[in-house]
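Written out below as structure tokens is the structure these notes cover.
The values are calculated or read from the model by the stated rules, or taken from the named source; none is laboratory data. Since the structure is predicted, the reported quantities are computational estimates derived from the model, not experimental observations. As a convention, Cβ positions derive from the backbone with ideal geometry for all residues, glycine included, and neighbour counts pool all protein chains shown. Surface areas here come from the heavy atoms of the whole protein model, side chains and all, with no ligands, DNA or RNA. Shrake-Rupley method; radii C 1.70, N 1.55, O 1.52, S 1.80 Å.
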Amino acid sequence: MPLRTLTVVGARPEFVQTAPLARAIEATKGIAGGLVHTGQHYDYEMSQVFFSQLELPEPVHHLGVGSGTHGAQTGAMLAGLDEVYESENPDLVITHGDTNSTLAAALSAAKLGIPVAHVEAGLRSWNRTMPEELNRVVADHISTWLFCPGEVAADNLHAEGINEGVFVVGDLMRDSLLWTMRNIDIASALQRFDVVPGEFFLATVHRAENTDDEANLRSILEGLRRATQRYPVVLPAHPRTRPLIEAIGVAPGIRLVDPIGHTEAIALAGQAAAVLTDSGGLQKEVYWLETPCITMRDETEWIETVETGWNRLTGADPIAIEAAIKAALTERHPHPELYGDGRTAHRIVDHLLTS
Ligand code: UD1
């Protein structure tokens, strides 16, 4: 009998992370897999477009949980996952990252005595007001396998007394990016958004700390307005963020658009003069694409990208954003390899089969 795994996904970054792992599981004898979609993200642009662009297998279960308060959303996932796990009886559950789906996947499995593999373990922002920080801390402490993207993450786990089952394997997003790069159509992405290579900024804002605090969102939009004095800004907005941005209003050089698919996002990120974001995943993708990044948060889990000089933390402060843009466009830094070599999925499968 092969090792039977179930992987739980629900939000955009998990779709990107799980694609290479699903392929590696499919290609390896002795291990079998299936996807469970919690339904945390459900709009076409937030979910289905990722499944088709990343060629992800259809989920074997779709919980259709949808939106709600953190408690209601996570609770509905727990109830649904209990049933799925009972009926599928997997040997282990795989969960990615730090979303509410991550937390529910790990918690339901651990309570049923099913071992959990947490991929992207050990990340810390040290900010417990972030829902993502709470999700990842809990998931790490109840997981059997902890797959870390780098040494810093492994050290964070050791500092919290987690030593067993910790493996530094690199980052699945690296695998995913290398695969996606083969399928991107840069010319049509540039044409669709009417921008010139190296002469536009790509921006995203969706973290609760930025969007749910009107003063912070206003400051960020002021930072982006200052950016337009140099180049236009393409701003694909999460469905939760868009009405909040529209209520404040944007400067004429900001192109506010619906969320874009993964291949367009990568095409634009690789061609932008710089990317301004509060996303976790994009900070790494932008690093690998060798595009300067400006992270509009006070802290980051991906501190190696800051240490190399390719990523700058500005918070929501427009003056800091403006200064970071200026520095990003003029400074050049060495570009050491970070977070693996694109073979993370195979390393994870090997560890699951042998440990
Ligand atoms: C979630 C993750 C975050 C991740 C992000 C990627 C948590 C706590 N946060 O944040 O770590 O970086 O996904 O995108 O899990 N909505 C829609 N359509 C959708 C999905 C959401 O309109 O398809 C709206 C709803 O109004 C919903 C709100 O977005 O209430 C929040 O969505 P949710 O999935 O809870 O959190 P995200 O902000 O997307």
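Annotations
- Multiplying the residue separation of Ala327 and Asn183 by 0.36 nm and removing their Cα-Cα distance gives an extension gain of 48.7 nm.
- Angle in degrees between helix 318-330 and the longest Cα principal axis of the chain, rounded to the nearest 10: 90 degrees
- Taking all protein chains together and a 1.4 Å probe, the residues Trp126, Trp302, Trp179 rank Trp126, Trp179, Trp302 from largest to smallest accessible area.
- Entry note, the chain: the mean residue ellipticity at 222 nm calculated from DSSP H runs of n ≥ 4, each adding -39500 (n - 2.57), is -14000 deg cm²/dmol after division by the residues and rounding to the nearest 500.
- When the charge dipole of the stretch 33-133 is built from unit charges on Cβ atoms (+1 for Lys and Arg, -1 for Asp and Glu) and taken about the Cα centre, the candidate among Gly33, Ala105, Leu63 whose Cα reaches farthest toward its positive end is Ala105.
- About the centre of its Cα atoms, the chain shows a dipole size close to 540 debye [charges on the beta carbon of Lys, Arg (+1) and Asp, Glu (-1) only; nearest 20 debye].
- A simple rule links phi to the HN-Hα coupling: the Karplus curve 6.51 cos²θ - 1.76 cosθ + 1.60 with θ = phi - 60°, which for the stretch 299-313 gives 9, 9, 7, 9, 5, 4, 5, 6, 4, 6, x, 8, 10, 10, 8 Hz, with x for Gly and Pro.
- Percent carbon-and-sulfur accessible area, the stretch 191-285, ignoring ligands, DNA and RNA, probe 1.4 Å: 45 percent
- Helix 172-181 axis, angle to the chain major axis (alpha carbon atoms, nearest 10°): 60 degrees
- Taking only the C-alpha atoms of the stretch 60-161, Rg followed by Dmax gives 13.5, 38 Å.
- When the chain is treated as a GNM with alpha-carbon contacts under 10 Å, the residue of Thr305, Thr277, Thr211 showing the greatest mean-square fluctuation is Thr211.
- Backbone HN-Hα couplings from phi across the stretch 284-289 [Karplus 6.51/-1.76/1.60, Hz, Gly and Pro as x]: 6, 4, 5, 4, 5, 7
- FRET efficiency for Lys29 and Glu246, using Cβ-Cβ distance with R0 set to 51 Å, rounded to 0.05: 0.45
- Dipole magnitude for the stretch 83-148: computed about the Cα centre from +1 point charges on Lys and Arg Cβ and -1 point charges on Asp and Glu Cβ, it is near 280 debye.
- Label separation (Leu353 vs Glu151): 2.9 nm, computed from points 7 Å beyond Cα along the C-beta direction.
- Using alpha-carbon coordinates, inclination of helix 262-271 to the longest axis of the chain, degrees: 40 degrees
- Taking a Cβ cut-off of under 11 Å around Val233, the surrounding Lys, Arg, Asp and Glu residues balance to a net charge of +4, with basic ones at +1 and acidic ones at -1.
- The dipole here belongs to the stretch 160-240: it is taken about the Cα centre, uses +1 on the Cβ of Lys and Arg and -1 on the Cβ of Asp and Glu, and is about 440 debye.
- Average projection, convex hull of the Cα set of the chain: 16.3 square nanometres.
- Unit charges at the beta carbon, dipole of the chain: most positive-side option, Ala328, Ala345, Thr228: Thr228
- Among Met130, Ile245, Gln271 - extreme Cα towards positive end, dipole of the chain, charges at beta-carbon: Gln271
- Global form of the stretch 3-77, assessed from the alpha-carbon gyration tensor, a/c cut-off 1.5: oblate
- Local net charge near Met173, Cβ-Cβ under 9 Å (Lys/Arg +1, Asp/Glu -1): -2
- The mean sequence distance of close C-alpha pairs (under 8 Å, at least 6 residues apart), as a share of the length of the chain, puts its relative contact order at 15 percent.
- Taking amide hydrogens as placed 1.01 Å from N in the peptide plane, the amide H of Ile31 sits under 5 Å from those of Leu3, each at least 5 positions away in sequence or on another chain.
- Sequence-distant residues sharing a close amide H with Gln40 (under 5 Å, placed H): Val65, Gly66
- Nearest-0.05 FRET efficiency for Arg192 and Asn163, computed from C-beta distance (R0 35 Å): 0.10
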